[in-house]
Amino acid sequence: MLLDRGDATLGNPPPAQPIRSRASVSWSLKIKKKLKGVTPFLGKFRPTVGQCCHQCTPESLGMKLLRNSPSLGFQNVLHVNETRTRFRGWLVRRVCGLLFVQERKVYPSPAGDRAERVLRSSRVQSLISSGRPTGGAVAGEGSSHSGETAIAATARRGQAVQILEGIQTSISPPLLRLAGWILLKLLGRVFANVQVSLNQLAALHKAPQLHGAPLVFVSVHKSSLDYALVPLVLFCHSLRVPYMVSSTDLSHTWLRPILQKVGVIFPPRCPMGKADTETGALQCAVLSSCVSELLSEGQHLLLFLEEPGCVERRPSPCSAQWLSWVREAVRSGVVPDVALVPVGIAYDAPVEGLGGSRRQAPRCGGFLSLLLSALSLLGRSHGCVRLDFGQPFSLKEMISSGRLPVRGLPLEEILLPAVMGSRSDSLFADKSLGWVLPATACPQLEDQERHLVASLCKHLLYSATSCSAVMSTSMLSCLLLHRHRKQGVGVPQLARDFSWLLEEVLFRNRDVGFGGSLPEVLCHSMTLLRDSLVLCPPPSAPAPLVAPRSTPQAAMTLSRHCGALQHLFIHEAVGACAVSAMLSEMMDCVNIDEMDFDVALCQEELTERVAQLCQLLPSEALLLPPCQSVYSFAQDSIDSLVRCGILVMEELPRERPLCDLWGRRQALLWKSFDDLSNSDSDCEEPPDRRSYKLNQPNHCPDFFFFLCSVLSPLLRALSWSVCGLQHLYSPLTESECIERMQGFLLDKAQGESSYFESATLEMAATAVWTLRDLGVLKEEPGEGGAVCLQLSEAFQQPLAQGKLCRFIPRFLYH
């Protein structure tokens, strides 16, 4: 559930800043000239959409933004002037940034004796004193064994102290104020603005007193700048700055001790997979005790659900491990409860990973690498950023409510029978989330508790993604990639489609991170996406045409922007692909563009197709809330298609109408209470068989094809990966398998000269993980203890591969 965000209008803009890139100025002027002749066709947005958040100079872009609009509950964090201080005057206007950070309320948090308390914790002490020699020992050897035990305990205590020195952190108010001032200046050069809702921040002020517990912010991870944006927003509004867990390794730089004084925790190399060893167990014990001590002090924590360099948007096992330690602190009674706060972040343009695939973030860096990164950010404008804080909720209440599933079945048991052509009894079961928190990460946790933490991670990722705003670049990319990809679109038609898509977004209770008149928003979006678009004036048309570039870089960039809309239309998209699969089965010899709209679709079969596609899609793409079952999602998908007007429900012909209650008058008569042979179920009849058919309005086919196209990049990558199984016969590690699969997908896209968005590193990783979960690829021990993937014996047969090749492509819209 989201907080009250008021209207979708953004706040007062900062003063205009000069454009630093000549390319962006020329492109903006070019777009403005093209839009000038077609402005009467464009119109304006509704007044409720509000003020444009793009702050470019009117001289360069030819725009006049709505500067006199009310803030309506939104504020630009980077816009600091004298009105945000207690003082006025010409001198204050020049030093208002320093006065602003000096007036912010800071909650100091010295380290104190935290390290000693961690060392004295029961869990750490049990590991330090463990390892005593076993076996029968004679009395004369007691002193020898005691000496060995003392030496081993001293060594383990030294290891614990070394781990504590690496994660020792505190919050120094002077350094925090200095860091806040530097970030305001630096980010003001990178982004036009950073918008937040004042209503959400007001709720965060009341949350600690309302819940009587510390806050744990759990955020999505879109960029490395997330590490700076979330604490900066909290600092600028006098909220307690949380201790932040960073996965970046800065052990060899002078910056690490400085960041540790502003609350950044640099844990050692993630002990994932080594927790069952002595060193890994000691690291887990120290980190778990450190989390308990921080929460007992009333400190807040900031965790990121995903790794910044991860190839796919899925919960990180390391973040799940930190959440398990938070859960352990609540379960052991160290703190009575914890309030979890989902955090959503949306960027107009990605700050990193412009190539369409997030490459691994650098694990170490010195001053030179940080300077080069800062200079690369200052090279061009990255538009706007929107931060949203979800409704805080109690961890104890969530666990005790029983809405989080604690069990799941492997995908191989759920979906493989359907692939082979047999009916599966467990088609509507929940998939296992064992990969989120493996048993090797927390061996002390029971299986039920581990699955509970994994479900909690999935729920938090769903909540944080749901509260993220939709940016204008995402909407424009979605229209160009999934609706006007082949022939381009004129600017007037693009404006009408943009307005239609905006209504669809707002209708689904999702906020937008932009506002203003339609020409301004389109100009702003096309300026940021100028490297991926082609703007050309046709000789016979009065308006220019906009089309995506036919390059791999452009397709991958636009596809990354479309990710926000995939989650928004997931119900309708899954239902539309299931309808397409049923139509393709019935009309194998007919093109889907020539299909007959009077075909009846059985409700039971349609629900089964939707469930099959739900199980096939990876959890990070489907992103279901854990409290919703697959069957419930399938019903919601069909109902959403009915609400959209794509499907029309009809009843099959029957002898007696459903409303004919007179024919059932004998069954509805009251029975004697003593007559136990009869029951109320006697009046029940077999369930009614219902069917659906496609609606026939003019707009229905276009919307249907648009929904099918939303999932086409992922489904096409899965379909292509099945064709590349012959490249995975030899045992390969997971990274080698993903690399080889991406090479095959790139060759496939090059052969078709299109659909490069299905050949990214993310798509290759998703395809490999799906094939592994489906049982197509089996894990086998390799050299040096590494786990290798190899094609299973069952799918080495051409018959099994043929069934898999026919199962996946039928959901794909061509």
* Förster-model FRET efficiency, 22 Å R0, Glu397 and Asp636, C-beta, rounded to 0.05 -> 0.30
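Please give the FRET efficiency for Met587 paired with Asn199, using the beta carbon to beta carbon distance and R0 = 51 Å, rounded to the nearest 0.05. Each step should come with its number before you reach the end.
Details: r = 52 Å, r/R0 = 1.01.
With a Förster radius of 51 Å, E is 0.50.
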* To do: Provide the gained length on full extension for the span Asn509 to Arg86, in nm with one decimal, where the gain is 0.36 nm per separating residue minus the Cα-Cα distance.
  => 148.5 nm
* Asked: If amide H atoms are built 1.01 Å from N in the plane of the peptide, which residues on other chains or at least 5 residues away come under 5 Å of the amide H of Gly390?
  -> Val343, Gly344
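Which of the residue pairs Lys105/Lys185; Lys396/Lys431; Lys105/Lys396; Lys185/Lys261; Lys748/Lys803 have a Cα-Cα distance greater than 27 Å in the structure shown? Display every interim value, and only then the final one.
Values: Lys105/Lys185 20 Å; Lys396/Lys431 24 Å; Lys105/Lys396 30 Å; Lys185/Lys261 20 Å; Lys748/Lys803 21 Å.
Table pairs above 27 Å Cα-Cα are Lys105/Lys396.
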* Structure fact -> the range 712-811: spread of alpha-carbon positions along the three principal axes, whole Å, largest first, is 40, 27, 19
* Restricting the range 491-590 to chymotrypsin sites (Phe, Trp or Tyr not before Pro) in coil, as DSSP defines it, with at most 12 other Cβ within 10 Å -> none
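How high is the relative contact order of the range 716-814, in percent, with contacts defined as C-alpha pairs under 8 Å that are six or more residues apart?
On the way: 110 pairs, mean separation 33.6, N = 99.
Rounded, it is 34 percent for the range 716-814.
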* Inter-label distance, nm, simple model (7 Å from Cα along the C-beta direction), Cys627/Gln796 -> 4.8 nm
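What FRET efficiency, computed as 1/(1 + (r/R0)^6) with R0 = 60 Å and r the Cβ-Cβ distance, is obtained for Asp337 and Cys536, rounded to the nearest 0.05? Can you show the working numbers first?
Numbers: r = 60 Å, r/R0 = 0.99.
Step by step, r from the Cβ atoms, then E = 0.50.
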* Put +1 on the Cβ of each Lys and Arg and -1 on the Cβ of each Asp and Glu in the range 712-811; which of Val787, His727, Gln797 then has its Cα farthest toward the positive end of the dipole? -> Gln797
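Read-outs: derived from the displayed coordinates by stated rules, not from any lab. Given the structure is predicted, the values throughout are model-derived calculations rather than measurements. Glycine also receives a Cβ, built like all others from the backbone with ideal geometry; neighbour counts cover every protein chain displayed.
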